[in-house]
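The values are calculated or read from the model by the stated rules, or taken from the named source; none is laboratory data. Quick caveat: nothing in here was measured; it's all calculated off a predicted structure. Cβ coordinates were reconstructed from backbone atoms using ideal geometry, including for glycine residues, and neighbour counts include every protein chain displayed. Side chains are part of the model used for accessible areas, which takes the heavy atoms of the whole protein and leaves out ligands, DNA and RNA. Shrake-Rupley method; radii C 1.70, N 1.55, O 1.52, S 1.80 Å.
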Amino acid sequence: MDNHPPPAESPPHSPPPIEKKLSLNEEAGDIALGRLSEEYITTKWEIWAYYSYYIGNNGLSLFNFAPTAFQNLLDQAAAGAGGLVFAGRFRSVESIVLLCNGISFAIQIVVFLVMGSFADIGTWRPNILIVLSIIAYAVGFSWLGVHTEDKWQIAAGLYIIGLVAYQTTLTFWSAAFPSLARNTRDIREKADDYMRGTLSRDDYNFADTMKRSQLANTAFYIQSLAEIIILAVIVGIMFAVGINASAAKNNWGLSILIAFASGVWLLVSLPWFFLEKRRPGADPGNRSIIMVGLSQLYFAMRQVWRLKQSLLYLAGTATPTYPRDIVPLLMNEMSQGYFLLGDSLNTTVTLISTLQNSLVAYNTLQLTYLLLVGITTQAVGIYIFWAVQQRYKLGTKTMFNVVGFSILMLDGWGMIGIWTNKFGFHNLWEVWVYQAVYGFFICPWYSYSQIMISEVTPLGYEFLFFSLFSIIGKTSSFIGPLVSSAIVDATPSGNASMPFYFLFGLSLLSFGIMFFWLDLKKSGLEQRRFLEESQQEHQTA
């Protein structure tokens, strides 16, 4: 069992007066406890609307089927030539996919810098998610016009924009759950007990952690169950289209699937757009939102620069020369391991997907069956992970370490495939096993990584810090695909498994950082210093 963050204010039974806390909007009472006025209390229907959005933002349209459709068209366009000219040079299909992934991640950095800087201001931040979601729907429906190999360049654009839309909507949706958790009735009651001195801050923190874990894991579990139903419908659509009749039918079937999944996303996301309570963020005061946003943007860029030095220091190539002040300390422990591991996982999944698509010859029906296996085991995995955490009162870091070790083993298996064709993602049976292992042991990453971010985020700064983490994550995440693409291009044999050398080393390094260096108690103290200095800046502004 790992340590939980210590009280952000001490002593635990003598909390400081509310007026001493960070001043945001006047409606936001005790920011240190995340408490707002009674009208902002989280309701049952709001939570279910939150879950509902995630059912639609399941990744089927822009994260699963769209990459398959893109690679499928690339493969058909490159038939006989072994590759295509892309970005100024002749490249293999695998290299083009990895390069487009890197371009997408680079674009996401810009989006997070601009959008994230405004997200914690006033009450308009839900509009960011609405606009990004509309872009995602549009990209999904656009695939209906792209299903022949001569349009592979358009497919590349849709693939890149689609990944941007999917990842950004996921981040801004995720950033809402810490506030939802802290404003539930039971956590409000825990906060009241703490304010009366009948509950220690450590106990309050643990209750808050478990509530956040409950919301995040339940959202993932419900999404998984709903996704099984969606995939069952998709199988019926595949038979109706007759995707096995010809390559053209298979192409058309993929486009229909992307559009169908996008339509489901549109339908089930509407309740969240209407039922989410617009909880107040930072009060811009006499300054315009634009000026406050620019100020936040400067703050974000400054911290990202410092975090980059921390990443270089941990890689053994440089030593940071800046003072070890509040935010670098706050995010140092988490960002160094988390985003290297995230980079490794993102690139690993992309690489295995390209190998998997080749093994199943882009057969849409077989790919759907594989997804059914993966998502079924994903539902079982997240249920068991959460049940074990509840039963043994394990902390978030312990659960995260299990996932990190599983990612390391996955890269190790792929690396073996460099030396032999007997296994290492060279056989059809391996992709079936991969889907089961990935679903059960690795998919909990998508829940626990968000919970971990919330553990090291100062109360009241969720959107800004989720954006900062995403920015740094994308800064590193476009490096993995680009390096992997270069490795494939530089390999005389064109062995698509060669990047597993790089990915295994990256996973080993990042897992070691997370396992040995991450200290949530230290993070809690850093959050306290952050709130204190933020209060001072607010008073002198």
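Assuming R0 = 22 Å, what is the FRET efficiency of residue 423 and residue 398, from their Cβ-Cβ distance, to the nearest 0.05? Don't skip to the end; give the middle numbers.
Working: r = 31 Å, r/R0 = 1.40.
FRET efficiency, residue 423 to residue 398: 0.10.
At a 1.4 Å probe radius, which order do 94, 46 fall into by accessible area, largest first?
Numbers: 94 45, 46 0 Å².
Per-residue accessible area, sorted high to low, gives 94, 46.
Pairs to check: 211/393; 393/521; 277/393; 44/397. Give those whose C-alpha atoms are more than 23 Å from each other in this structure. Walk me through the numbers on the way to the answer.
On the way: 211/393 12 Å; 393/521 17 Å; 277/393 31 Å; 44/397 28 Å.
277/393; 44/397, as the Cα separations exceed 23 Å there.
Would you calculate the separation in nanometres between label points at residue 44 and residue 144, each defined as 7 Å from the Cα along the Cα-to-beta-carbon direction?
In this crude spin-label approximation the distance works out to 3.8 nm.
Taking 0.36 nm per intervening residue step and subtracting the Cα-Cα distance, what contour gain separates residue 203 from residue 405 on full extension? Provide the component values of the computation, followed by the final result.
Working: separation 202, 0.36 × 202 = 72.72 nm, distance 2.91 nm.
Roughly 69.8 nm would be gained on extension.
Return the sequence-ordered ³J(HN,Hα) values of region 258-266 in whole Hz as given by the Karplus equation 6.51 cos²θ - 1.76 cosθ + 1.60 applied to θ = phi - 60°, using x for Gly and Pro.
Per residue, the Karplus-derived 3J(HN,Hα) values read 4, 5, 5, 5, 5, x, 4, 4, 4 Hz.
At 1.4 Å probe size, put 190, 422, 44 in order of accessible surface, largest to smallest.
Order by accessible area, largest first: 422, 44, 190.
Search the structure for amide H atoms under 5 Å from the amide H of residue 86, placed 1.01 Å from N in the peptide plane, and list their residues when 5 or more places away or on another chain.
91
Under the 0.36 nm per residue contour assumption, what length would be gained going from the current alpha-carbon distance of residue 123 and residue 278 to full extension?
Stretched out fully, the residue 123 to residue 278 stretch lengthens by 55.3 nm.
Determine the equivalent ellipsoid of region 105-215 by diagonalising the alpha-carbon gyration tensor, then write out the semi-axes as square roots of 5 times the eigenvalues, largest first, rounded to whole Å. Before the final figure, lay out each step's value.
Numbers: eigenvalues 342, 38, 26 Å².
Ellipsoid half-lengths, sorted descending, are 41, 14, 11 Å.
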